[in-house]
Structure formats: structure tokens, C-alpha cells
1. Among the residues of the range 127-139, is any at pLDDT 95 or above and touching a Pro at 6+ places or on another chain (Cβ under 8 Å)?
2. Just name the residue that is farthest from residue 78 (Cα to Cα) out of those in the range 111-131 that are touching a residue at least 40 places away in the same chain (Cβ under 8 Å) and open to solvent by 40 Å² or more (accessible area, probe 1.4 Å).
3. Does the range 9-22 contain at least one residue that is under 16 Å from the mean Cα position of the chain (by Cα) and over 22 Å from residue 127 (Cβ atoms)?
4. Let me confirm something: among 65, 92, which residue is within 17 Å of residue 105 (Cβ to Cβ), touching a Lys or Arg at 6+ places or on another chain (Cβ under 7 Å) and of a type outside the set (Asp, Glu)?
5. From the set of residues in the range 62-77 that are touching a residue at least 12 places away in the same chain (Cβ under 8 Å) and open to solvent by 50 Å² or more (accessible area, probe 1.4 Å), which is nearest to residue 102 (Cα to Cα)?
6. Anything in the range 59-76 that is over 18 Å from residue 15 (Cα atoms), of a type outside the set (Lys, Arg) and not in a loop (DSSP other than H, G, I, E, B)? List them, or say none.
7. Sort out which residues of the range 83-110 are open to solvent by 40 Å² or more (accessible area, probe 1.4 Å) and more than 15 Å from the chain's Cα centre (by Cα), and write them in order of number.
8. If you check every pair at least six apart or on different chains, which have Cβ atoms under 9 Å apart with a residue in the range 138-156 that is at positive phi first and a residue that is open to solvent by less than 40 Å² (accessible area, probe 1.4 Å) and assigned to a loop (DSSP other than H, G, I, E, B) second?
Amino acid sequence: MLENGDLIFVKDLSDMGQAIQASTGNYSHVAIFLDGFIYHASGQAGVICQKPAEFFEPTHLYDLYVYPELEADLVKEKACQHLGAPYNSSFYPDGSGFYCSQYIAEILPIFETIPMKFGDGEQEISDFWRDYYRKLELPVPLNQPGTNPSQLATSPLLECKERNLHDSDF
């Protein structure tokens, strides 16, 4: 089912996942499948590559997209250069390391940055993000240039391959 270069977009029910989706759209995470492994920036571990069995979760839904022009060898070379980098938990453009969509945009440089959003449909900055940044002792990077998984998925350069897959589908 997974093919080299597939982009994996994740919908998840965690508090962080729900906050990201409320602020940005359908997805809370993005990763890429290259040569049998899934490369992504994980909030727990930073930039890693994992076997699919270690990546997929029973409580999440997955959509697969492809970039038809992808040169897998070049993307994998870039992906490997950043393995071990920390997770950019501040989401600031100059923060240390990478958050998930920032990592994908770095290794597959076809995406533009957009003003970052942290609202929930009612507030410009949701309570979740206010608390999150209070703990980091940083201002919310509202409208700073950035990326998010939902924005990457809407790129006209990508094609949707399959939707609403479960961990048992892989």
C-alpha cells in the first residue's frame, strides 16, 4: 500500500492534535515514506525515521498524498541530513530544529510559508495555545511565517491518493 515518496497526513484526537486541527484544518501531523521507513519530526523524539509498525496508531486516521515530481533519492538524502535534530516546539521560524510540516517543507522545498494561525473559530488565539505558550514563556507566534500539515495537503502540486485509512490498512 505505501509507496516510496508517499506523504502521510494524520488526523488525531490528542489535545495537541485537536488544537492544531482547530487552528489550521484537517490534519495535525505529516510524514513521508522513503525506502521502507517513515521520516518525520516527532514532538517526543525530534526528527526520526521509524518502521511503519512503530508509526501508525489505532486512534488516528491517515490520508496519503503524492508529489508526482518527487525525486525520492534527493529527498531521502535531505531527510537523513536532519535525523536527530530537535523538535521545534515553539513553531517559530527561527526556532531550533523542526516541527513536522517545517521538516517536510525543508526536505521537499515545494511549499510556501503562510501566516501561522492559532485560533479555534471563536478566538484569534485559543485557550489551548495561550496555555501552551505561557508554559514555554514565549509570545504566540501569530502571523509569523510558517507551515502546517493542512496547508501542505492543499498544495496544487500534490495529488490525493487515499483517504481515511486506519493503522490496520498498512
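1. Narrowing the range 127-139 to residues at pLDDT 95 or above: 127-139.
After this cut, where a residue has to be touching a Pro at 6+ places or on another chain (Cβ under 8 Å) as well, the list is 133.
So far as the range 127-139 goes, yes, one or more of its residues are at pLDDT 95 or above and touching a Pro at 6+ places or on another chain (Cβ under 8 Å).
2. Kept after step one, since they are touching a residue at least 40 places away in the same chain (Cβ under 8 Å), are these residues of the range 111-131: 111, 117-121, 126, 128-129.
Going one step further and asking which of them are open to solvent by 40 Å² or more (accessible area, probe 1.4 Å), we end up with 117, 120-121, 128.
Details: 117: 28, 120: 34, 121: 36, 128: 33 Å.
Within the range 111-131, the match that is farthest from residue 78 (Cα to Cα) is 121.
3. So the first thing to find is which residues in the range 9-22 are under 16 Å from the mean Cα position of the chain (by Cα), and the list is 9-22.
Next, only the ones that are over 22 Å from residue 127 (Cβ atoms) stay: 9-10.
Within the range 9-22, one or more residues are under 16 Å from the mean Cα position of the chain (by Cα) and over 22 Å from residue 127 (Cβ atoms).
4. On the way: 92 fails: touching a Lys or Arg at 6+ places or on another chain (Cβ under 7 Å).
So the residue among 65, 92 that is within 17 Å of residue 105 (Cβ to Cβ), touching a Lys or Arg at 6+ places or on another chain (Cβ under 7 Å) and of a type outside the set (Asp, Glu) is 65.
5. Quick first cut of the range 62-77, residues touching a residue at least 12 places away in the same chain (Cβ under 8 Å) only: 62-70, 72, 75-76.
Okay, now just the ones that are also open to solvent by 50 Å² or more (accessible area, probe 1.4 Å), so 68-69, 76.
Details: 68: 20, 69: 20, 76: 16 Å.
Top of the filtered list is 76.
6. Within the range 59-76, the first condition is being over 18 Å from residue 15 (Cα atoms), and the residues that meet it are 63-76.
Still in the list and also of a type outside the set (Lys, Arg): 63-75.
Of everything in the range 59-76, those that are over 18 Å from residue 15 (Cα atoms), of a type outside the set (Lys, Arg) and not in a loop (DSSP other than H, G, I, E, B) turn out to be 63, 64, 65, 66, 72, 73, 74, 75.
7. Within the range 83-110, 83, 84, 94, 96 qualify.
8. 143/116
The values are calculated or read from the model by the stated rules, or taken from the named source; none is laboratory data. Since the model is a prediction, treat every value here as computed from it, not as a measurement. Reconstructed Cβ throughout: ideal geometry from the backbone, glycine too, with neighbour counts over all protein chains shown. These accessible areas exclude ligands, DNA and RNA; they are computed on the full protein's heavy atoms, side chains included. Shrake-Rupley method; radii C 1.70, N 1.55, O 1.52, S 1.80 Å.
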